[in-house]
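The values are calculated or read from the model by the stated rules, or taken from the named source; none is laboratory data. Remember, it's a predicted structure, so these values are computed and weren't measured experimentally. Here the Cβ is made from the backbone with ideal geometry for all residues, glycine too, and neighbour counts use every protein chain on show. Ligands, DNA and RNA are stripped out before the accessible areas are found, and what is left, the full protein with its side chains, is counted by its heavy atoms. Shrake-Rupley method; radii C 1.70, N 1.55, O 1.52, S 1.80 Å.
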Amino acid sequence: MLQIWFALCRRYGIDEVLINVHVHGDAICKFIEENKDGLKVRLSEETALLGSAGTIRANRDWVTKERSFWIFYADVLTTANLNQMLIFHDSRGQIATIGVYEVPDPSRCGVVQVDDNGVVRDFVEKPQAPMGNLVFSGLMLATPDLLDVIADTSPVDLGFHVLPQIVGRMAAYRISDFLIDIGTLETYQAAQMTWPGLSQRQTTR
């Protein structure tokens, strides 16, 4: 998965990456040294889990001067065109843009309600009774303004604690490319049968 993410980053001009790890840090560090191939990679190893938003808060100095920055959930397998999502994000002027797609079982995901202008009007993480099947993909672009929304508690999660707070100030970009969350054995097995691989096409902005 890291190899695929590294390839996507290189393809779309992302040359600096921070990876959050909790376990198997030595193995990941060894992989990075052997495969970074020009990427500048920073490892953030957490002995106690800070949560997906807590990691961002802990590394705020790394992104605070950026116009915007990517957040990727590493268990997502995708061929998404990141440049198209970036162009969309830049045109909207929101605190953040989340990639969204449709799934058959939305109760495992962050469920999104979007208005006709592409603005997120509701976000509920793993609801028992989902109002639809449009969900957060695990791909996100954020501006430094997002840092001010993250509570100073630990752990703190993007889906449960942060994204619901910026409803109305967050855009939704529909991903039509291949995307699957391989966080369960069922979806991991499905990925073995459906992953198309990355094409050799080079995409530049």
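Of the residues making up the range 145-174, those that are open to solvent by 20 Å² or more (accessible area, probe 1.4 Å) and under 28 Å from Ile4 (Cβ atoms) are Pro155, Asp157, Phe160, Tyr173, Arg174. Applying a threshold of 6 Å to beta carbon distances and a minimum spacing of six or more residues, or different chains, the list of pairs starting in the range 106-127 at a residue that is within 15 Å of Ala171 (Cα to Cα) and ending at one that is open to solvent by 10 Å² or more (accessible area, probe 1.4 Å) and basic (Lys, Arg) reads Gln113/Arg121; Asp115/Arg121. Of the residues making up the range 82-89, none is assigned to a strand (DSSP E or B) and open to solvent by 10 Å² or more (accessible area, probe 1.4 Å). Each residue in the range 1-23 was checked for being farther than 24 Å from Lys65 by Cβ and either touching a Ser or Thr at 6+ places or on another chain (Cβ under 8 Å) or part of a loop (DSSP other than H, G, I, E, B) (or both), and 5 of them qualify.
Residues in the range 25-59 that are open to solvent by 80 Å² or more (accessible area, probe 1.4 Å), farther than 17 Å from Phe6 by Cβ and outside any loop (DSSP other than H, G, I, E, B): Asp26, Glu45.
Consider the range 5-21 and keep the residues that are surrounded by fewer than 16 Cβ atoms within 10 Å (Cβ to Cβ) and touching a residue at least 60 places away in the same chain (Cβ under 8 Å). The one that is nearest to Asn35 (Cα to Cα) is Ala7.
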